[in-house]
Amino acid sequence: AQKITQTQPGMFVQEKEAVTLDCTYDTSDQSYGLFWYKQPSSGEMIFLIYQGSYDEQNATEGRYSLNFQKARKSANLVISASQLGDSAMYFCAMREPNQAGTALIFGKGTTLSVSS
Amino acid sequence: GAVVSQHPSRVICKSGTSVKIECRSLDFQATTMFWYRQFPKQSLMLMATSNEGSKATYEQGVEKDKFLINHASLTLSTLTVTSAHPEDSSFYICSARGTGGGGNQPQHFGDGTRLSIL
């Protein structure tokens with residue numbers, strides 16, 4: 001079974017609008033971390049936001065916020081006021097247990113296209 | 001912020017050649033580094049976990065004799081694709097995390113290496 005599921009292969013949004021990228025995860029661990037990364041066409045992986053399994057508040061970083069619903073095992077990324085530069089592939093990832101020596105496992109990604 | 005340098009960024013070589021990719025943590029010590037492989041428009045697939053001073057741990061289905069990993073110091077891990085063939089063409093990307101900090105410390109990624117085997 002997939003650990004991380006991103007059901008939206010592609011999303012389209014207009015500039016200045018908000019968009020939600022879906023992510024659900026599967027784990028039996030109590031301690032885990034959820035991450036979102038952005039990958040532009042150039043290939044580098046850009047860290048956006050983190051949510052720990054014990055964090056009670058949703059994480060926010062500038063225009064990015066994470067809608068964390070623990071009971072539903074979902075960690076959707078919300079991008080507010082989309083910009084043309086937001087066009088990229090977005091990956092949801094999980095680390096379980098949430099320790100330094102544990103690799104991130106990635107979802108299949110969502111390609112976001114922002115139009116003017 | 002933490003920086004991971006990966007070199008080379010692009011390699012084009014003939015079938016049968018061995019290719020070495022370096023991954024360096026520039027401003028922090030990385031006991032553990034990770035190597036991923038990514039095909040176009042697909043996810044990052046973990047290949048192996050590289051631990052300083054010990055043997056790498058390979059994921060199921062990854063040939064350890066094909067993909068040699070060496071992590072000789074706290075700041076350098078290398079991936080050597082031995083006797084590369086066209087099917088080894090892919091985007092290889094490494095990541096590392098510092099030894100300190102809590103669970104909220106993200107992994108930092110190199111910029112990746114595009115390997116093309118002719």
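Below are the figures for this structure:
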item	result
Residue within segment A:51-64 that is in contact with a Phe, Trp or Tyr (Cβ under 6 Å, 6 or more places away or on another chain), assigned to a strand (DSSP E or B), within 14 Å of chain B (Cβ to nearest Cβ) and in contact (Cβ under 8 Å) with a residue 40 or more places away in the chain present	no
Selected residue (only one of A:I46, A:I4 is within 25 Å of A:S113 (Cβ to Cβ) and touching a Gly at 6+ places or on another chain (Cβ under 9 Å))	A:I4
Members of segment B:14-31 found to be open to solvent by less than 70 Å² (accessible area, probe 1.4 Å), under 21 Å from B:V81 (Cβ atoms) and not in a loop (DSSP other than H, G, I, E, B), listed by number	B:V19, B:I21, B:E22, B:C23
Meets criteria (in contact with a Cys (Cβ under 8 Å, 6 or more places away or on another chain), farther than 18 Å from B:Q105 by Cβ and at pLDDT 95 or above) for B:L68	no
Leading residue by the ranking (surrounded by the most Cβ atoms within 10 Å (Cβ to Cβ)) among those in segment B:32-45 that are within 11 Å of chain A (Cβ to nearest Cβ) and within 18 Å of B:T80 (Cβ to Cβ)	B:M33
Subset of segment B:19-58 (residues that are within 15 Å of the chain's Cα centre (by Cα), of a type outside the set (A, V, I, L, M) and farther than 30 Å from A:T5 by Cβ)	B:K20, B:E22, B:R24, B:S25, B:T31, B:E52, B:K55
Selection count, segment A:68-116, where residues are within 12 Å of the chain's Cα centre (by Cα), open to solvent by 10 Å² or more (accessible area, probe 1.4 Å), more than 10 Å from every other protein chain (Cβ to nearest Cβ) and aliphatic (A, V, I, L, M)	1
Extreme residue, farthest from A:S31 (Cα to Cα), among residues of segment A:77-98 that are assigned to a loop (DSSP other than H, G, I, E, B) and touching a residue at least 60 places away in the same chain (Cβ under 8 Å)	A:Q83
Test: residue in segment A:41-49 that is more than 14 Å from chain B (Cβ to nearest Cβ) and open to solvent by 50 Å² or more (accessible area, probe 1.4 Å)	no
Every residue from segment A:66-76 that is assigned to a strand (DSSP E or B) and more than 26 Å from B:C94 (Cα to Cα)	A:N67, A:F68, A:Q69, A:S74
Top-ranked residue of segment A:22-39 - restricted to ones that are assigned to a loop (DSSP other than H, G, I, E, B) and buried (at least 20 other Cβ atoms within 10 Å of the Cβ), ranked as nearest to the other protein chains (Cβ to nearest Cβ)	A:Y32
Checking A:G43 against (1) assigned to a strand (DSSP E or B); (2) of a type outside the set (D, E); (3) at positive phi, the condition it does not meet	(1)
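The values are calculated or read from the model by the stated rules, or taken from the named source; none is laboratory data. This is a predicted model, so every value here is computed, not measured. Here Cβ is always computed from backbone atoms with ideal geometry, including for glycine, and neighbour counts include all displayed protein chains. Areas reflect the complete protein model, heavy atoms only, side chains present, ligands, DNA and RNA absent. Shrake-Rupley method; radii C 1.70, N 1.55, O 1.52, S 1.80 Å.
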